[in-house]
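Asker: Please find one structure pasted underneath; my questions will follow.
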Amino acid sequence: MATNTPHRASSTPMTAIRSTLLSRSAPSIPPASQLYEPLVKGILRHRLYKIFLHSALFCWALVTLWMTWSSGGMFGMGAKESLLLPLKPSTLAFTAATFLAGALPVVVLRKTHLVASPTPATSPSKILSGALQKRSTSHALMTYLSSSLSLLLIHILITGAYDSSAPANARLTLFVKSRKHPYYLNGHLVYVLLSQVAVAYACLLRCVLLDRFAVRWAPTLASQGDNKMKSFGLARVVTVGLTTLVYTLLVTAAHLAVFAFARSFALPLLYQLPFVHMVLRPFTAHFLRGAWTITLLTRHWSLVSRAFYLGLTTIAIWEYAESAFDAIVAEPAAVAHQTADPGLTLVSGITSTDVYLKHFAYAELRDFSSEDSSAASARRTALFADQKYNPSMWSTLARESLVTLGRDYQLLLRRGKPETPVTAAAPAAPKQEIPLPAPATPLIRTKVYKPAQSSPLHAALDTFSSDGPLAAAVSETADAGASHIPELFRSVMPTSPQAKAVETVKKAEENVAALVTQTKGKWKEGACGALCGYLPSGVVQTASRVKSWWTRDRVHRVAETSLPNRYMDALAAEALCRLTCASLTEDRYGVVQRDIPKIIEALLSFLTALEEYQTELNASYTLPPPDQLQQLSPKELAEKEMLAMEAARAGEVLSVVSDAVKDGIVRIVRTFGDKLSAFKFPPRIAKKLQGFVDYN
């Protein structure tokens with residue numbers, strides 16, 4: 001029998017209606033690490049090669065002088081030999097070694113530990129204590145020591161190769177030439193070696209106190225069209241020469257005093273220690289004999305002058321390389337014109353997380369906003385009318401600039417102090433769990449087997465033990481009684497033994513720390529009092545002045561700590577104001593108008609804080625009238641004048657930002673004029689702005 005089965009119709013998949021109206025999300029602005037930073041790093045790399053070139057030329061000149069001196073001078077060598085000496089292979093080889101040992105390590109050190117903001121310290125003691133906690137200080141010490149000793153080795157090689165008439169001890173060999181005492185150390189080598197070590201430590205101290213790892217940003221405020229001082233001009237060479245000469249004289253004098261103390265007092269005391277003299281005698285016994293230390297200066301004046309010139313050469317190489325580095329790393333870098341969209345490149349650059357590269361972006365953005373040409377106007381118009389990115393270029397620029405200014409504004413209000421951490425809120429009380437209803441047939445959770453009976457003596461001992469049945473019953477009874485006590489009275493109940501133990505340990509640690517601090521203070525006071533009783537009054541007064549100089553907070557350093565990024569703030573304020581003024585004629589859609597009140601409010605708030613700070617400085621450190629100055633003692637008068645000078649330097653620090661903000665607000669007022677009445681401002685901002693309107 002045939003059955004008719006219906007055939008199922010074939011199902012066709014349903015497809016969406018195709019449309020050209022696709023909703024694509026707008027891309028975000030490329031990060032600075034992809035667009036802006038590679039271009040700037042390429043320019044900085046090229047500038048680094050320029051530093052290497054100039055430092056190598058300087059080393060070549062110094063090596064030529066050293067080799068000419070070791071060969072007897074120009075008259076001893078002859079005119080022809082003197083002219084050919086700089087081009088000899090040996091001279092070029094020693095030049096390369098001097099560059100690799102002297103200039104290259106210092107430049108690499110500065111590049112590795114370069115920072116954009118100065119160290120937040122207000123006194124030399126705080127600067128030094130802060131530097132001792134950084135890794136850059138230990139790296140700098142190792143770099144200076146290895147470089148100075150390497151230059152000493154090169155000097156020994158040059159002397160041995162070109163000064164054949166020098167005596168054996170002047171050749172700086174390791175041991176003296178003696179058959180009776182072949183292991184006596186050469187005193188000339190020891191003196192020059194210690195001199196180079198002193199030079200390394202002195203240069204490290206100068207580097208730390210001057211905060212040389214921070215960039216000097218003053219040249220970035222000058223536009224590219226202005227006349228800038230050349231990085232390698234005659235003035236720079238003269239400044240480096242004078243600084244090197246004065247500092248080498250001070251280091252040599254200090255080293256002579258320390259060396260005299262070590263030979264006259266420290267070395268004899270070491271020989272009085274047991275077992276120490278047995279180690280030192282085969283090498284240094286001849287240092288205890290001979291003339292007095294004072295007469296050694298006149299008898300070995302050639303050695304002192306030799307160490308001085310070696311230290312002068314070492315410091316000159318370092319100072320020239322570092323001064324060239326300071327001048328080049330702060331010069332503006334223009335990279336936006338190399339890209340297809342300069343506005344996008346600059347907006348991406350100001351979003352960089354590297355503050356050092358962010359300075360360059362704001363410096364170029366300032367030039368971008370102030371350039372007066374049809375092409376520059378077209379680029380600014382494209383920036384204002386951007387709708388390709390989300391957020392747009394102008395929104396990103398305005399937000400990033402205002403955030404930067406606001407962050408430094410808050411730091412200024414705190415006078416450079418770190419932000420106080422916000423206390424975390426107390427955790428919410430846990431909810432009480434509602435117990436589940438007990439089952440009808442409770443489970444038996446005890447042992448079902450009968451335990452083995454112990455002996456009566458063992459049971460009695462378990463009863464009275466610390467974890468026995470009696471102690472457990474007492475503990476359960478106490479916990480059950482405490483559970484029935486109302487919450488109001490539980491706060492006065494004694495805490496648990498564990499909490500008491502923790503509190504006791506903490507109090508003991510605090511007491512020990514306070515006792516140690518108090519003991520150190522008493523020991524210092526006792527030692528200072530004992531020394532003051534034996535030392536002359538002039539020495540005591542000088543020591544107190546040195547201590548005051550070392551620990552006193554500088555007024556201008558407090559201002560610098562309050563405005564560590566003042567040059568970048570000035571550039572950001574100037575760029576914002578110039579772009580705001582340009583938007584009056586170049587912004588076709590009015591996207592800048594909605595941000596004008598926020599920009600003016602942020603700038604005037606910053607300016608108000610700066611003026612209040614300047615008012616505090618004028619009220620606290622202004623010199624009194626002449627009739628009151630005559631009544632002061634010379635010491636008080638000198639102190640007043642020093643504080644007034646520091647206050648003037650602090651005013652210069654504040655004026656970097658205040659002058660830029662004032663000029664920007666004046667430019668906005670002159671550009672917009674009566675059109676500013678269309679915007680709404682808070683009362684204090686409107687009052688401040690009215691002053692600028694009335695002035696113009």
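Asker: Keeping to the stretch 116-125, report how many residues are more than 11 Å from the chain's Cα centre (by Cα) and crowded, with 18+ Cβ neighbours inside 10 Å.
Answerer: Residues flagged as more than 11 Å from the chain's Cα centre (by Cα) and crowded, with 18+ Cβ neighbours inside 10 Å within the stretch 116-125 amount to 1.
One line per residue, one yes/no per condition, for (1) at pLDDT 80 or above; (2) open to solvent by 60 Å² or more (accessible area, probe 1.4 Å):
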site: T252; (1), (2): yes, no
site: A260; (1), (2): yes, no
site: S264; (1), (2): no, no
site: Y271; (1), (2): no, no
site: V279; (1), (2): no, yes
site: L297; (1), (2): no, yes
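Asker: Going by what's in this entry, would S23 be described as of a type in the set (S, T, N, Q) and either in contact with a Ser or Thr (Cβ under 7 Å, 6 or more places away or on another chain) or modelled with pLDDT of 70 or more (or both)?
Answerer: No; evaluated as a whole, the condition is false for this residue.
Asker: Follow-up. Considering only the stretch 304-325, state which residues are open to solvent by 20 Å² or more (accessible area, probe 1.4 Å) and either farther than 18 Å from H54 by Cβ or modelled with pLDDT under 90 (or both).
Answerer: S305, R306, F308, Y309, L312
Asker: Contact list please: Cβ distance under 7 Å, first residue in the stretch 368-382 and open to solvent by 50 Å² or more (accessible area, probe 1.4 Å) and part of a helix (DSSP H, G or I), second residue modelled with pLDDT under 95 and of a type outside the set (S, T, Y), pairs at least six apart or on different chains.
Answerer: Every condition considered, the pairs that remain are R379/P342; R379/G343; A382/G343.
Asker: If you don't mind, another one. Considering only the stretch 383-406, state which residues are of a type in the set (D, E, K, R) and assigned to a loop (DSSP other than H, G, I, E, B).
Answerer: D386, K388
Asker: Test A650 against the stated conditions and say whether it is of a type in the set (G, A, S), touching a residue at least 60 places away in the same chain (Cβ under 8 Å) and either assigned to a helix (DSSP H, G or I) or closer than 30 Å to R399 by Cα (or both).
Answerer: Against the criterion (of a type in the set (G, A, S), touching a residue at least 60 places away in the same chain (Cβ under 8 Å) and either assigned to a helix (DSSP H, G or I) or closer than 30 Å to R399 by Cα (or both)), A650 qualifies.
Asker: Mind listing just one residue for me: the one in the stretch 616-667 that is open to solvent by 90 Å² or more (accessible area, probe 1.4 Å) and under 29 Å from the mean Cα position of the chain (by Cα) and, of those, nearest to A570 (Cα to Cα)?
Answerer: E652
Asker: So which of V539, V558 ends up being modelled with pLDDT of 85 or more and open to solvent by less than 80 Å² (accessible area, probe 1.4 Å)?
Answerer: Residue meeting the stated conditions: V558.
Asker: Scan the stretch 658-668 and give yes if some residue there is within 24 Å of H556 (Cβ to Cβ) and not in a helix (DSSP H, G or I), otherwise no.
Answerer: No, every residue in the stretch 658-668 fails to be within 24 Å of H556 (Cβ to Cβ) and not in a helix (DSSP H, G or I).
Asker: Select, from F52, F94, F99, the only residue that is in contact (Cβ under 8 Å) with a residue 40 or more places away in the chain and touching a Cys at 6+ places or on another chain (Cβ under 7 Å). Show your work before the answer.
Answerer: Values: F52 fails: touching a Cys at 6+ places or on another chain (Cβ under 7 Å); F94 fails: touching a Cys at 6+ places or on another chain (Cβ under 7 Å).
It is F99.
Asker: Next question. Of everything in the stretch 71-101 that's of a type in the set (D, E, K, R) and surrounded by 12 or more Cβ atoms within 10 Å (Cβ to Cβ), which residue is modelled with the highest pLDDT?
Answerer: K88
Asker: Next question, about the same structure. Does A582 qualify as being under 32 Å from the mean Cα position of the chain (by Cα) and open to solvent by less than 20 Å² (accessible area, probe 1.4 Å)?
Answerer: no
Asker: Further question on the same structure: Any residue in the stretch 397-412 that's at negative phi: show its pairings with residues that are open to solvent by 40 Å² or more (accessible area, probe 1.4 Å) and of a type in the set (S, T, Y) at Cβ separation under 6 Å, as long as the two are six or more apart or on different chains.
Answerer: From residues that are at negative phi, the pairs are E400/T351.
The values are calculated or read from the model by the stated rules, or taken from the named source; none is laboratory data. All figures in this text were calculated on a predicted structure; none of them were measured in a lab. Here Cβ is always computed from backbone atoms with ideal geometry, including for glycine, and neighbour counts include all displayed protein chains. Just so you know, the surface numbers come from the protein's heavy atoms only, side chains and all, with ligands and any DNA or RNA stripped out. Shrake-Rupley method; radii C 1.70, N 1.55, O 1.52, S 1.80 Å.
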